[in-house]
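Step one of this worksheet: look at the structure below.
The values are calculated or read from the model by the stated rules, or taken from the named source; none is laboratory data. Keep in mind the model is a prediction, meaning the values are calculated, not measured. Positions of Cβ are backbone-derived with ideal geometry, glycine not excepted, and every protein chain shown enters the neighbour counts.
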Amino acid sequence: MSRVPVPCHIKGAVALQVGDVRTVQGRPGVLVIDVTFPTAGPFEEITFKNYYTAFLSIRVRQVGSPNQSSTKWITCLRDYCLMPNPHNEEGAQDYVSLYKHQMLCDMDKVLELRLILRQPSPLWLNFTLEELQFFQHGPQSSSSAFTKWLSHPAPYEQPALLLQQALPDPDKVSSEVQQMWMLTEMIRASRTTARIGRFDVDGCYDLNLLSYT
Amino acid sequence: MLQEEEDLSLTIAHIVQKLKGSRLYSQLERQAWVSLQKPEIKLESLKEDIKEFFKISGWEKKLQNAVYSELTVFPLPRHPAAPPEHLKEPLVYMRKAQRPVVEQKELLNKWNEMGTDEPDLSLFRPVYAPKDFLEVLINLRNPNYENGDHLNLKTHLGLIQVPLKVKYISELKEFFIELSLNTGQLGIDDATQVPPELFENEHVRLGQKVLAEQDSAAAQQYIRQGSPTALRAELWALILNVSNQPEDLLYYEQLKSNVIQHDLLVDSLIYKDVKLTASNDDYYFVFEDYLYQVLLCFSRDTSVLGHFAYNSASPPKSYIRGKLGMEDYAVFYPPNGVIPFHGFSMYVAPLCFLYHEPSKLYQIFREMYVRFFFRLHSISSHPSGIVSLCLLFETLLQTHLPQLFYHLREIGAQPLRISFKWMVRAFSGYLATDQLLLLWDRILGYNSLEILAVLAAAVFAFRAVNLMEVTSLAAAEAVLADLSTLKVMPLLQIFLFATIT
């Protein structure tokens, strides 16, 4: 199943802090990233690259049912742990994927999404998420078993009476060609990563031939 | 749940693809063809009958061993968005700290000095020594880390300044549970005063049974309690999944002919290294010829390049003159991508006690290198990498011997400066050979190098009383200069399980 990226607009991270950011000594421990979707569609997967964020929560605002007057925010992921120990580097720069089945609510008609990042450790200067992307299922791709000209054979033509010498038996030739085609398909299917194992020198390690990098 | 299943199927697909290209696959296929002629294989239940045949004839065990050895080496499944460099080393600032440019420049500087046909060894200096490497590690910094002047909760008093995850002593006790006080150990319970009926005889019998079964995973579990001297060579070969097939012999002969036909600059580095280190050692000077045979072939073996997929370093490249930057004209230099540093030959020397046939010795060394030893001289955040080992050593010392640590720091003798050279060489050349082999048994058994850091801390704990009285770095080094009388296993047991914390 293919993944299709969903268009979205990602706003910059906003730090939540009491008091003025510039004058207060300590660093903020909570950041919020807002994401808006032009079309309220479903999505299956969120991928991002972590940068020293310890915990992640996600809240969504969905299109409400017609009789509801206002849409409310629902928490769909609570305190998902990205770094097992916020003081250590483990998990600090990992690539992460979050799927629909990990969420607490439906992700069907999402208008806006809010990512709440927390990093309780005072040791890190900055923390954020990078390369944020959203994906939904693409249409089912049909497996291309045959090449086009095999599935649309040309109409039967009358053989030209050009050659007088004996032609090879067409059935035999076609079966041989079929066997060869099957062999090539088999070899293509069982591609391996094994090396041939030969070490050919042919002079390329000669001292005078190699240059400085 | 879905994620784990996906990861599992990805791992399975990867291992299948890797094994399909190996000799074992074609052998299994041939065996399956041959077995069709046997009367017990019936056409209706062909699949089950052939599986049964494999189980009886021992081929299933071989396949199990191959899968197990792939699993131990296989790195964690990676995220589809992650680039291949992320698999080698996830932390960006460590990736940037790699050394190959410096090494290459040094090597090329020496190129200028060459020009004679006969290598004049006096012109060569070793590329780098462990001391230089330690300086690089000390200067590793995370740009996102608060490294202010004031002391905070995580100030690193030792030399390593990166906050990697290392195990606490409680986690180490769990990890090394087979070394605990109430489990028998070779190295302790085979001393002359202890009657062999208590532990040693049973252990040897068990070892023979494991070898008869030819099961890699069982051998790895068995060797955590040490290996009897008579069985050690075969046990290591079983764990590393090295068998002496004719194809391996042929491969080794091919490498040997490459050595004879072609000359490489790295050969001179190897000659110099062997002359400086192994030949001066009381235990290993007899193996000088073996060392040349193994190391010269090793530097021409391009299959070693495969381990760079999970090694954070990259092999240095050189370009044909005039075609700088064009990938078609790039070669890896040396062909195996590994530039030997000062002391490299000490990785091979202890193995010479176990294996007398050059091709088997070579294969064992190569397998040990691509599984363990490469981590000791490349910069990475892996728990068995040298940076983590250094940090583990310093953390253990700070936590359990704080007075000693403070005292050594005050006199300007940071403990890591003394123990670094032990860990980089995996204690080869510092311990007595039988003790060293017992230590390397545990490295194989636990598939991790953390035991080196624990042993280094244990040595400091053992000599703590003397060390508290020294007043300079030179005196501290003198106290710790001679480790050849130490017994490894009692030290480890006492430090892990018998120290009051």
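A quick yes/no check of all residues on (1) free of Cβ contacts under 8 Å to residues at least 40 places away in the same chain; (2) within 14 Å of chain A (Cβ to nearest Cβ); (3) of a type outside the set (Phe, Trp, Tyr):
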{"site": "B:9", "(1), (2), (3)": "yes, no, yes"}
{"site": "B:13", "(1), (2), (3)": "yes, yes, yes"}
{"site": "B:20", "(1), (2), (3)": "yes, yes, yes"}
{"site": "B:72", "(1), (2), (3)": "no, no, yes"}
{"site": "B:85", "(1), (2), (3)": "yes, yes, yes"}
Discussion item. Among the residues that make up region B:162-177, is at least one of them part of a helix (DSSP H, G or I), away from every other protein chain (no Cβ under 13 Å) and of a type in the set (Ser, Thr, Tyr)?
Written reply: yes
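Restricting the search to region B:462-501, which residues are among the β-branched types (Val, Ile, Thr) and in a helix (DSSP H, G or I)? Before you say what the answer is, go through the steps one by one.
First, pick out the residues of region B:462-501 that are among the β-branched types (Val, Ile, Thr): B:465, B:470-471, B:479, B:485, B:488, B:494, B:499-501.
If the condition is that a residue be among the β-branched types (Val, Ile, Thr) and in a helix (DSSP H, G or I), then B:465, B:479, B:488, B:494 are the ones that fit.
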Worksheet entry | Test result for residue B:194, β-branched (Val, Ile, Thr) and assigned to a helix (DSSP H, G or I) | no
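Of all residues in region B:307-328, which are within 11 Å of chain A (Cβ to nearest Cβ) and either modelled with pLDDT of 85 or more or over 20 Å from residue B:84 (Cβ atoms) (or both)? Even if it seems obvious, please write down each step before you answer.
Filtering region B:307-328 down to residues within 11 Å of chain A (Cβ to nearest Cβ) leaves B:309, B:316-325.
Once the filter is applied, which keeps residues that are within 11 Å of chain A (Cβ to nearest Cβ) and either modelled with pLDDT of 85 or more or over 20 Å from residue B:84 (Cβ atoms) (or both), region B:307-328 yields B:318, B:319, B:320, B:321, B:322, B:323, B:324, B:325.
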Practice prompt. Say whether the condition of being more than 17 Å from the chain's Cα centre (by Cα), buried (at least 18 other Cβ atoms within 10 Å of the Cβ), assigned to a helix (DSSP H, G or I) and charged (D, E, K, R) is met by at least one residue in region B:432-439.
Written response: no
Practice prompt. Looking only at region B:391-430, count how many residues are more than 19 Å from residue B:372 (Cα to Cα) and not aromatic (Phe, Trp, Tyr).
Written response: 23
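Considering only residues of region B:478-492 that are free of Cβ contacts under 8 Å to residues at least 24 places away in the same chain and of a type in the set (Gly, Ala, Ser), which is surrounded by the fewest Cβ atoms within 10 Å (Cβ to Cβ)? First the steps, then the outcome.
We begin by selecting, within region B:478-492, every residue free of Cβ contacts under 8 Å to residues at least 24 places away in the same chain; these are B:478-479, B:481-482.
Add one more test, that the residue is of a type in the set (Gly, Ala, Ser), and what stays is B:478, B:481.
Details: B:478: 12, B:481: 10.
Looking at the filtered set, the residue picked out is B:481.
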Practice prompt. Search region B:22-34 for residues being modelled with pLDDT of 80 or more and surrounded by 12 or more Cβ atoms within 10 Å (Cβ to Cβ), and hand back the single one that is farthest from the other protein chains (Cβ to nearest Cβ).
Written response: B:31
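Can you find even one residue in region A:151-166 that is at pLDDT 75 or above, of a type in the set (Ser, Thr, Tyr) and assigned to a loop (DSSP other than H, G, I, E, B)? Break it down stepwise before answering.
Going residue by residue through region A:151-166, those that are at pLDDT 75 or above are none.
No, because not a single residue in region A:151-166 is at pLDDT 75 or above, of a type in the set (Ser, Thr, Tyr) and assigned to a loop (DSSP other than H, G, I, E, B).
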Discussion item. For the list (1) of a type outside the set (S, T, N, Q); (2) out of contact with any Phe, Trp or Tyr (no Cβ under 8 Å at 6 or more places or on another chain); (3) at pLDDT 75 or above; (4) outside any loop (DSSP other than H, G, I, E, B), I need the number of the one condition that residue B:133 fails.
Written reply: (2)
Worksheet item: In region B:260-280, what residues are crowded, with 17+ Cβ neighbours inside 10 Å and either acidic (Asp, Glu) or within 11 Å of chain A (Cβ to nearest Cβ) (or both)?
Response: B:264, B:265, B:266, B:267, B:273
Item to complete: Starting from region A:70-83, keep only residues that are at positive phi, then list their pairs with residues that are at pLDDT 90 or above whose Cβ atoms are within a distance under 8 Å, requiring at least 6 positions of separation or different chains.
Response: A:79/A:55; A:79/A:56; A:79/A:57; A:79/A:118
Item to complete: Give me the pairs, please: first residue somewhere in region B:277-306 and over 21 Å from residue B:253 (Cβ atoms), second residue anywhere and of a type in the set (Phe, Trp, Tyr) and surrounded by fewer than 19 Cβ atoms within 10 Å (Cβ to Cβ), beta-carbon distance under 6 Å, and either six or more positions apart or on two chains.
Response: B:279/B:285
Fill in: Yes/no for residue B:347 being away from chain A (no Cβ under 14 Å) and either farther than 27 Å from residue B:387 by Cα or surrounded by fewer than 18 Cβ atoms within 10 Å (Cβ to Cβ) (or both)
no
Practice prompt. Sort out which residues of region B:234-251 are farther than 27 Å from residue B:433 by Cα and crowded, with 19+ Cβ neighbours inside 10 Å, and write them in order of number.
Written response: B:251
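Sort through B:391, B:354 and tell me the only one that's among the aliphatic types (A, V, I, L, M), within 13 Å of chain A (Cβ to nearest Cβ) and either in contact (Cβ under 8 Å) with a residue 24 or more places away in the chain or out of contact with any Phe, Trp or Tyr (no Cβ under 7 Å at 6 or more places or on another chain) (or both).
Values: B:354 fails: within 13 Å of chain A (Cβ to nearest Cβ).
Going through B:391, B:354 in turn, the sole match is B:391.
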Discussion item. Yes or no: region B:218-225 includes at least one residue that is surrounded by fewer than 20 Cβ atoms within 10 Å (Cβ to Cβ) and touching a residue at least 40 places away in the same chain (Cβ under 8 Å).
Written reply: yes
Worksheet item: What pairs can you find where one residue is in region B:329-340 and within 9 Å of another protein chain (Cβ to nearest Cβ), the other is at pLDDT 85 or above, and their Cβ atoms are less than 6 Å apart, with a gap of 6+ or different chains?
Response: B:334/B:299; B:335/B:300; B:335/B:302
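Of all residues in region B:261-320, which are part of a loop (DSSP other than H, G, I, E, B) and either among the aromatic types (Phe, Trp, Tyr) or more than 30 Å from residue B:18 (Cα to Cα) (or both)? Break it down stepwise before answering.
Within region B:261-320, the first condition is being part of a loop (DSSP other than H, G, I, E, B), and the residues that meet it are B:262-264, B:277, B:281-284, B:299-301, B:310-316.
Within region B:261-320, B:262, B:263, B:264, B:277, B:281, B:282, B:283, B:284, B:310 qualify.
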Item to complete: Examine region B:243-257 for a residue that is within 14 Å of chain A (Cβ to nearest Cβ) and within 29 Å of residue B:129 (Cα to Cα), and state whether such a residue exists.
Response: yes
